[in-house]
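Below is one structure, written out as structure tokens, with a few remarks after it.
Values in this text are rule-based calculations from the coordinates and carry no lab data. Computed from a predicted model, the values in this text were never measured in an experiment. We place every Cβ from the backbone using ideal geometry, glycine too, and count neighbours over all the protein chains shown.
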Amino acid sequence: APQNSLVTQVPGFNGSLPSNHYAGYVTVDENHGRNLYYYFVASEGKPSEDPVVLWLNGGPGCSSFDGFIYEHGPFNFEAAKTKGGLPTLHLNPHSWSKVSNVLYLDSPAGVGFSYSKNDTDYITGDIKTASDTHAFLLKWFNLYPEFLPNPFFIAGESYAGVYVPTLAYEVMKGRIDAGARPILNFQGYMVGNGVTDEQIDGNALVPFAHGMGLISDNLFEAIDGLNIYDILEPCYHGIEAEGFTASSYIRLPSSFRKLGETEKPLAVRKRMFGRAWPLRAPVR
Amino acid sequence: DGFVPTWPQLSNSNNVPCTDDEVATSWLNNAAVRKAIHTVEESVVSSWDLCTDRISFNHDAGSMIKFHKNLTSKGYRALIYSGDHDMCVPFTGSQAWTRSIGYKIVDEWRPWTSNGQVAGFTQGYDKNLTFLTIKGAGHTVPEYKPKEALDFYTRFLSGLP
């Protein structure tokens, strides 16, 4: 490991660190100056044998320090008692570094402490993020070659339900097709409460609210056919719309013509948003 | 234009309802901490935010189900876990899409335990795909159930049931 990346002391924590910590930047694009920040917590068990786990928080746009500070990092944080003071850090008995080497990454550039010298890099997406994170991993393992033989896992939550599989696919593809080096000992992945599929995730909300007792049976039944453009109005199904299901409403644009319809014969939209509406005229 | 649940829904962490990032914000924006953990100087990254509004992000990879099918069919192990008190990305969706892949069930829906207590439920599928819930946990599972989280994490990494 690069010795200039070693974290020798952590403000707010009194005592010796239970394992080695390293932190710093990896440049994933020299031309643009795109730099990703990482914080690496070596295992408190057997760092030379325990798995290396890359942890990604979601957002998109959220720092993986959320995982480090609030979830499974090596410390529990106690808020400062005085304004402007430092939090006090205690060892976390349930830190994931008890059994693994954990690599927290701020991704994409612009998130947390990661940055780019070129502002256009802050316009990004799933595919570019996965590609950058893969580039990061290859360079990171070159910096820390002693961890290359360890089993490697990718983990994350929330919007990392997109980051994790897209990155895993990049790692797999690079290994098989593109001959990316070094070869990562990639074994598997974990996703917690992860975004996966717009339709399935979206349709999961109402059954969840019903199952948890947040809405009544009657309301649950009534929500079938919800007119999302006027929730207190019933859903108008024209004669030609037979077989048109409530869930189809989110499949734009084929269902776009159904916007704003009620049981009344005229579509609400046509009456409400005429372009010739006079400025400041009273609502009809 | 499409439902993409994210956490937090709002771009500015200061406006996220029901959350508090004061400890993280005060610690990570402290000059001594930034120096100790080797961050770039403040002229480059002026402050740390839990969730930034600096980036403009395009969800351009579509549904993840095809990725999961591809990866698990190649032999990579996958654990899909859900805190069952989260309504941001509720377990009902993860349960539905893991089932929708259509893999054979090799470990029928059953409780799993941590420290002798039922900690949630699990269903195991062929090709090393496991769906698991954590009872009483919210969106960020290890934050709400740290002991149980370390238990399932350890077992998964070790290849244990």
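Counting only residues that are small (G, A, S) and either within 23 Å of A:T124 (Cβ to Cβ) or more than 7 Å from chain A (Cβ to nearest Cβ) (or both), how many does segment B:25-44 have? Spell out how you get there, then give the answer.
Keep residues of segment B:25-44 that are small (G, A, S), which gives B:26, B:31-32, B:36, B:43.
Okay, now just the ones that are also either within 23 Å of A:T124 (Cβ to Cβ) or more than 7 Å from chain A (Cβ to nearest Cβ) (or both), so B:31, B:43.
Number satisfying all stated conditions: 2.
Does A:V99 satisfy the criteria of being buried (at least 18 other Cβ atoms within 10 Å of the Cβ) and within 14 Å of the chain's Cα centre (by Cα)? Can you show your working first?
Working: buried (at least 18 other Cβ atoms within 10 Å of the Cβ): yes; within 14 Å of the chain's Cα centre (by Cα): no.
So A:V99 does not fit the description; no.
Going by the structure shown, is A:H94 over 18 Å from A:S158 (Cα atoms), facing chain B (nearest Cβ under 10 Å), free of Cβ contacts under 8 Å to residues at least 40 places away in the same chain and in contact with a helix residue (DSSP H, G or I) (Cβ under 7 Å, 6 or more places away or on another chain)?
On the way: over 18 Å from A:S158 (Cα atoms): yes; facing chain B (nearest Cβ under 10 Å): yes; free of Cβ contacts under 8 Å to residues at least 40 places away in the same chain: yes; in contact with a helix residue (DSSP H, G or I) (Cβ under 7 Å, 6 or more places away or on another chain): yes.
The answer is yes for A:H94.
Please identify the pairs in which a residue from segment B:45-61 that is within 7 Å of chain A (Cβ to nearest Cβ) has its Cβ atom under 6 Å from the Cβ atom of a residue that is part of a strand (DSSP E or B) and of a type in the set (A, V, I, L, M, F, W, C), counting only partners at least 6 apart or on another chain.
B:C51/A:C62; B:S56/A:I123
With respect to B:D49, determine if the residue is surrounded by 14 or more Cβ atoms within 10 Å (Cβ to Cβ) and within 27 Å of A:H210 (Cβ to Cβ). Walk me through how you get there before you give the answer.
Values: surrounded by 14 or more Cβ atoms within 10 Å (Cβ to Cβ): yes; within 27 Å of A:H210 (Cβ to Cβ): no.
No.
In segment A:1-45, how many are of a type in the set (D, E) and facing chain B (nearest Cβ under 9 Å)? Give the derivation first.
Start the filter on segment A:1-45 by keeping residues that are of a type in the set (D, E), which leaves A:29-30, A:44.
Pick out the ones that are also facing chain B (nearest Cβ under 9 Å) and you get none.
Total meeting the criteria: 0.
Going through segment B:62-91 one residue at a time, which ones are more than 7 Å from chain A (Cβ to nearest Cβ) and without any contact (Cβ under 8 Å) to a residue 24 or more places away in the chain?
B:G62, B:K66
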